[in-house]
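Rule-based calculations on the coordinates, nothing more; no lab input. Small disclaimer: the values here were computed from a predicted structure and weren't measured. Cβ placement follows ideal geometry from the backbone for every residue including glycine, while neighbour counts extend to all protein chains displayed.
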Amino acid sequence: MQSLSLRCEPVHVDGHEGAGDWIRRLINESPIVVLSRKGCFMCHVMRHLLTSIGAHPSVIELEEAEASVAAATLPALFVGGNLVGGLEGLVGLHLSGALVPRLVQAGAIGSY
C-alpha cells in the first residue's frame, strides 16, 4: 500500500491585502482550494482523496474565531474558482465520474 504525504505550509498575508481579499484572490487564482479549520477530519479526507488522484490543493486553515463564523460551511472545496461544497459535494463528484474531468479542466491535474 502506498503512503501519501499530506502537508500544509503556512502562508502569510502581506500588510497591503486583507485576509478576506487574499482568500478570494487565492480561490480565483488556484486550481483547487480547501478552506478548513485546524484538525478537521473531513478536510483530511478531502485532501487524501484529492492527493490520491494527483491533485494538490492549497489548504487554508482558518483560526478558531474565523472558523466559527463559517462553521456551517467548513470544509469548503473550490475547483477552478467555483464552490464545489463540502466533503459530500466532493464525494458526489467523484462517484459520478465528474471529479477528474473537472480537475483537468481547472488545470489541477493533467489528463488522467
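Results, tabulated for the structure shown:
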item: Where a label projected 7 Å from the Cα of Glu63 along Cα→Cβ would reach, residues of region 26-42 with amide N under 15 Å; result: 37-38
item: For Arg37, residues with placed amide H under 5 Å, excluding near neighbours; result: Leu62
